[in-house]
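One structure is given below, encoded as structure tokens.
The values are calculated or read from the model by the stated rules, or taken from the named source; none is laboratory data. Here the structure is a predicted model, which is why all the values come from computation and not from measurement. Neighbour counts run over all protein chains shown; Cβ positions are idealised from the backbone, glycine included.
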Ligand SMILES: Cc1ncc(COP(=O)(O)O)c(C=O)c1O
């Protein structure tokens with residue numbers, strides 16, 4: 001389900017570049033694939049992948065809950081009407097504001113360390129996050145279940161934390177695991193789930209097993225689901241999942257304009273988007289498909305580089321493209337997750353606009369920021385002395 005070249009060119013002409021475009025039908029298709037694979041598991045969308053309110057509202061309308069990791073994300077969940085058992089509060093260092101917001105919403109807390117037993121609001125619903133201490137097949141920065149990761153408690157500690165939560169009057173419902181992001185190999189998940197299932201002897205039956213997200217966009221979902229249900233079955237538990245990337249990555253494309261070219265040690269194709277719009281290549285060497293929206297015979301390998309004054313500001317390396325045409329467009333694919341959500345105002349660059357193809361027209365779902373909006377919070381503190 002891809003958008004045509006004409007559709008993309010029209011969007012860029014109407015809304016300018018850099019521009020994030022999303023395809024509603026692909027968002028729906030990704031959710032349907034998850035629902036088909038996981039049956040009646042409860043789905044909590046990890047909104048860090050893309051917290052756009054329109055996307056959240058669409059998911060909320062079909063009963064998807066949200067995994068939130070900040071007061072801001074909790075406010076987004078509340079804004080789209082989520083609450084109660086439709087919200088999870090996660091994170092290794094939750095703030096007092098986050099505990100308070102979670103309590104107000106009646107959310108379930110994912111307990112990440114033993115000290116949280118006394119930090120939780122009274123009579124909280126809670127799951128205990130377990131770090132299975134596994135090395136998984138993904139970039140180091142994307143691994144969250146390795147022994148060296150900061151997340152969760154050890155499997156040995158988990159039963160005691162569950163007991164302490166209950167003793168303190170909390171509703172400790174079960175266990176949680178999330179081993180990282182963009183993981184393709186189903187055996188990584190089965191190893192993590194098996195590590196949890198081993199705890200059944202000490203914990204007894206549990207109400208909920210939350211196996212997180214982290215599925216690569218071409219991962220074997222039915223295979224992962226089978227393993228997850230087997231682990232939940234060992235506890236007699238309901239299954240919860242927290243996909244982020246899987247639900248939104250394929251539906252999103254970053255459109256960027258060719259600014260020009262330069263040949264030094266390498267051949268650079270310079271674009272109007274870079275690390276401030278799409279950080280993933282720089283942050284963890286992520287590779288995104290790059291498509292030229294122009295024609296040409298002569299093919300050559302280019303490094304696609306953004307406008308920031310940073311050597312690492314590259315969107316892709318060694319991409320074979322027809323001879324570049326300044327002003328023409330490149331489509332950076334699979335950019336719906338951790339694209340717009342990680343975009344920044346570094347260099348006082350305005351974060352890009354976002355548009356959704358609804359099937360009949362483009363819907364503007366976030367307008368481009370103005371420079372004044374980027375610096376607005378500085379003016380509210382004290383009026384700067386201009387021209388002094
Ligand atoms: C606890 C937790 N759940 C779910 C996710 C979503 O991961 P992904 O987007 O890879 O599915 C993350 C991502 O960091 C996470 O930390």
Region 311-334, subset touching a helix residue (DSSP H, G or I) at 6+ places or on another chain (Cβ under 8 Å) and surrounded by 14 or more Cβ atoms within 10 Å (Cβ to Cβ), residue farthest from residue 45 (Cα to Cα): 329
Does residue 261 count as surrounded by fewer than 17 Cβ atoms within 10 Å (Cβ to Cβ) and assigned to a strand (DSSP E or B)? yes
Check residue 111 against each of (1) at pLDDT below 95; (2) within 13 Å of the ligand (Cβ to nearest atom) and name the one condition it does not meet. (1)
If a residue must be out of contact with any helix residue (DSSP H, G or I) (no Cβ under 8 Å at 6 or more places or on another chain) and assigned to a loop (DSSP other than H, G, I, E, B), how many such residues does region 294-309 contain? 7
Tell me, please, whether a residue that is assigned to a strand (DSSP E or B) and touching a helix residue (DSSP H, G or I) at 6+ places or on another chain (Cβ under 6 Å) can be found in region 231-238. no
If you check residue 128 against the conditions, is it within 16 Å of the ligand (Cβ to nearest atom) and either loosely packed, with under 14 Cβ neighbours inside 10 Å or part of a strand (DSSP E or B) (or both)? yes
Using the structure shown, decide if residue 255 is closer than 25 Å to residue 218 by Cβ, away from the ligand (no atom under 16 Å from the Cβ), part of a strand (DSSP E or B) and more than 19 Å from the chain's Cα centre (by Cα). yes
All positions within region 1-45 that are part of a loop (DSSP other than H, G, I, E, B) and either buried (at least 19 other Cβ atoms within 10 Å of the Cβ) or touching a helix residue (DSSP H, G or I) at 6+ places or on another chain (Cβ under 9 Å) (or both): 1, 2, 3, 17, 18, 39, 41
Every residue in region 223-252 that is more than 21 Å from the chain's Cα centre (by Cα) and surrounded by fewer than 23 Cβ atoms within 10 Å (Cβ to Cβ), please. 223, 226, 227, 229, 230, 233, 234, 235, 236, 237, 238
Could you please find all residues in region 211-238 being at positive phi and away from the ligand (no atom under 13 Å from the Cβ)? 236
Residues of region 46-90 satisfying the condition of being assigned to a loop (DSSP other than H, G, I, E, B) and more than 14 Å from the ligand (Cβ to nearest atom): 52, 62, 63, 80, 81, 82, 83
Going through 208, 248, 201, 241 one at a time, which residue ends up being more than 14 Å from the ligand (Cβ to nearest atom) and either in contact (Cβ under 8 Å) with a residue 40 or more places away in the chain or closer than 16 Å to residue 145 by Cα (or both)? 208
Would you check if there is a residue in region 154-171 being closer than 17 Å to residue 210 by Cα, in a loop (DSSP other than H, G, I, E, B), more than 16 Å from the ligand (Cβ to nearest atom) and over 24 Å from the mean Cα position of the chain (by Cα)? yes
Selection within region 143-157 - within 15 Å of residue 196 (Cβ to Cβ) and surrounded by fewer than 24 Cβ atoms within 10 Å (Cβ to Cβ): 144, 151, 153, 154, 155, 156, 157
Test for residue 145: is it within 13 Å of the ligand (Cβ to nearest atom) and at pLDDT below 95: yes
Within the group 289, 324, 281, 352, which residue is touching a residue at least 12 places away in the same chain (Cβ under 8 Å) and closer than 15 Å to residue 262 by Cα? 324
Close pairs (7 angstrom Cβ cut-off, 6 or more residues apart or separate chains): farther than 17 Å from residue 70 by Cβ in region 47-59, more than 15 Å from the ligand (Cβ to nearest atom) anywhere: 54/356; 54/365; 57/80
How many of the residues making up region 76-103 are out of contact with any helix residue (DSSP H, G or I) (no Cβ under 8 Å at 6 or more places or on another chain), closer than 17 Å to residue 151 by Cα and in contact (Cβ under 8 Å) with a residue 24 or more places away in the chain? 3
Report the residue count in region 57-76 for those that are touching a strand residue (DSSP E or B) at 6+ places or on another chain (Cβ under 7 Å) and farther than 18 Å from residue 126 by Cα. 2
Based on this model, can you work out whether residue 114 counts as touching a helix residue (DSSP H, G or I) at 6+ places or on another chain (Cβ under 6 Å), touching a residue at least 40 places away in the same chain (Cβ under 8 Å) and assigned by TED's automatic domain parsing to the domain that holds residue 207? yes
